[in-house]
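A short write-up of the structure that comes next.
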Amino acid sequence: MTDRYLEFTHSPFGRALADTFGLPKPPRLLRAKSGYLAQPLTEQNVLFGLARAGELATAVLPALAAAGAIVRVVADHPTLADIKQAAAAEGVSLKTEAGLEDKAGTASAFVFDGTGLASVDELRQLYDFLQPRVGRIPPNGRVLILARAPSDAATPAAAAANAALRGFMRSLGKEIGKRGATANLLEVGRGAEKALAGPLRFFLSPHSAYVDGQSLTLSAPPKGAGMPNNFVGPLGGKIAVVTGAARGIGAAIAATLAREGARVVGIDRPQEEAALGATLAAFDGYGLPLDITSDDAPQRIADELDQQFGGADIFIHNAGITRDKTLKNMSPAAWDQVLGVNLGAILRINDALLRHGLKDGARMVCISSIGGIGGNAGQTNYGATKAGIIGYVKALAPVMAKRGGAINAVAPGFIETHMTAEMPMGPREVGRRLSSLSQGGLPIDIAEAVIFLASPLAAAVNGRTLRVCGQNFMGA
Ligand SMILES: NC(=O)c1ccc[n+]([C@@H]2O[C@H](COP(=O)([O-])OP(=O)(O)OC[C@H]3O[C@@H](n4cnc5c(N)ncnc54)[C@H](O)[C@@H]3O)[C@@H](O)[C@H]2O)c1
């Protein structure tokens with residue numbers, strides 16, 4: 001569904017009207033125009049800041065340079081000598097920030113390594129790095145803060161300082177969202193440093209246009225699961241399955257998996273067979289029309305994957321339904337259907353896949369919702385299933401890691417699909433505007449996050465839920 005208000009405010013008349021009445025002007029988000037490039041940050045200035053005793057410069061600087069970025073540093077940055085030493089050790093050339101007034105040298109992305117922060121006073125280093133520049137963050141700019149998980153911090157004071165970064169990042173996201181710029185945080189566990197290149201490419205590029213105000217924890221990847229040498233077509237040669245692939249978010253996920261080189265198997269209800277066929281035809285996908293809640297679905301899926309493809313490398317549990325009613329008025333059927341499709345089917349299918357139909361190293365992604373985080377009136381059934389997914393991926397993560405793979409979830413906010421087009425107009429407008437980016441996301445935004453989590457770029461991500469909601473206030 002088109003966001004008519006966004007389009008209107010980008011017309012000369014609409015812009016003038018919005019200015020006159022002080023109405024919000026949702027920014028136009030810059031989204032990726034193609035699959036992953038070898039150098040997605042080519043010609044982009046990325047300003048790097050390092051807190052005293054920060055530990056990630058030797059991992060971050062070469063990753064940025066390999067992605068094509070022009071890595072800049074601030075001339076009077078307190079840790080400049082440490083950054084230069086790390087750059088020399090890694091063979092990375094640095095440029096000094098061209099000055100706050102120099103437009104050509106203005107950074108479009110800011111990366112601050114806060115892993116060394118050990119006290120409240122030291123948080124001032126982050127303020128000094130970003131405060132003079134925040135007014136100059138360009139449209140669709142990026143701020144990415146790196147931290148240690150507070151639970152990994154050596155002292156309570158270091159835990160406080162690292163935890164403070166979360167609140168800083170979320171508040172900054174709300175300040176800069178008007179420009180389509182985003183702020184996010186990576187909590188880098190010990191051993192995850194070597195797998196930072198993938199998350200940097202995702203979070204600093206247009207692939208993450210609608211991911212805002214989020215913190216994602218990275219942990220040491222399982223043995224053998226490293227970063228790809230070449231980031232182009234990261235899913236080349238993989239067999240990737242998507243449920244609910246006929247339309248909406250599932251169709252976008254299927255197309256995007258294919259864009260990155262995967263052979264796609266699409267599943268949807270038998271009554272959607274024609275729509276499923278039309279979606280898959282665009283990239284020669286393989287259709288499997290079945291109802292995922294039917295008794296024989298788990299066995300049929302596992303058997304078909306084994307027989308036709310020798311097993312799947314990627315499985316995306318996307319199919320989902322709503323049957324909204326207040327709990328007082330909710331019928332047992334509405335409860336059972338939502339629980340069955342959105343959660344029960346995932347567990348039953350995975351029980352079968354863990355026996356056969358899935359290759360070692362397989363990565364799974366389940367689609368949750370911010371409704372499972374913040375809750376919505378009239379969605380006790382839906383909210384239960386989407387929160388259930390978050391707990392489930394956490395619990396299954398060690399099992400998947402033992403097989404060299406991973407399972408994660410994506411929690412979409414308001415996304416322009418058939419599902420949200422059916423909402424009454426009032427809540428639909430509220431759902432769209434109440435986010436830092438003051439607009440709904442598109443199915444491609446969810447697909448981009450799914451592709452990141454399904455690919456080796458996210459080798460260090462397991463058991464996590466990434467919200468893709470433009471920092472929607474409803475799931476806060
Ligand atoms: N649209 C949003 O704003 C939004 C927000 C948060 C989460 N989500 C989640 O994203 C996922 C996709 O949502 P969407 O908006 O694209 O929905 P949609 O209704 O447009 O598409 C869902 C697809 O799943 C299929 N499906 C439903 N039941 C099935 C079954 N029993 N067996 C096989 N296929 C089945 C449908 O036929 C349909 O093709 C869902 O899990 C939904 O809960 C969507």
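Numbers at a glance
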read-out	value
Top-ranked residue in region 196-243 [being out of contact with any helix residue (DSSP H, G or I) (no Cβ under 6 Å at 6 or more places or on another chain), of a type outside the set (A, V, I, L, M) and not in a loop (DSSP other than H, G, I, E, B); ranked as nearest to LEU37 (Cα to Cα)]	ARG201
One residue from VAL450, VAL461 being surrounded by 24 or more Cβ atoms within 10 Å (Cβ to Cβ), within 14 Å of the ligand (Cβ to nearest atom), in the same structural domain as LEU257 (by TED's automatic domain parsing) and of a type outside the set (Asp, Glu)	VAL450
Conditions (1) over 23 Å from LEU457 (Cβ atoms); (2) outside any helix (DSSP H, G or I); number of the one not met by ILE314	(1)
Pair list, Cβ < 6 Å and 6+ apart or interchain, from region 378-389 residues that are within 12 Å of the ligand (Cβ to nearest atom) to residues that are of a type in the set (Phe, Trp, Tyr)	ASN381/TRP335
Which numbered condition GLU272 misses (of (1) out of contact with any Pro (no Cβ under 8 Å at 6 or more places or on another chain); (2) crowded, with 17+ Cβ neighbours inside 10 Å)	(1)
Conditions (1) within 16 Å of the ligand (Cβ to nearest atom); (2) assigned to a helix (DSSP H, G or I); (3) touching a residue at least 24 places away in the same chain (Cβ under 8 Å); (4) charged (D, E, K, R): number failed by ASP351	(1)
Any chance LEU47 is under 17 Å from ASP102 (Cβ atoms) and buried (at least 16 other Cβ atoms within 10 Å of the Cβ)	yes
Residue within region 265-281 that is of a type outside the set (D, E, K, R) and either on the phi > 0 side of the Ramachandran plot or part of a loop (DSSP other than H, G, I, E, B) (or both) present	no
Pair list, Cβ < 7 Å and 6+ apart or interchain, from region 412-435 residues that are over 15 Å from GLY250 (Cα atoms) and of a type outside the set (Phe, Trp, Tyr) to residues that are in a loop (DSSP other than H, G, I, E, B) and within 6 Å of the ligand (Cβ to nearest atom)	GLY431/PHE414; ARG432/PHE414
Number of positions in region 137-158 that are assigned to a helix (DSSP H, G or I) and over 25 Å from the mean Cα position of the chain (by Cα)	3
Residues of region 392-416 satisfying the condition of being within 16 Å of the ligand (Cβ to nearest atom) and part of a helix (DSSP H, G or I)	TYR392, VAL393
Output for region 229-286, where each listed residue is without any contact (Cβ under 8 Å) to a residue 40 or more places away in the chain, more than 9 Å from the ligand (Cβ to nearest atom) and among the acidic types (Asp, Glu)	GLU273, ASP284
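The values are calculated or read from the model by the stated rules, or taken from the named source; none is laboratory data. Fair warning: this is a prediction, and the values are worked out from it, not measured in the lab. Counting neighbours? That spans all protein chains shown, and the Cβs are built from the backbone with ideal geometry, glycine included.
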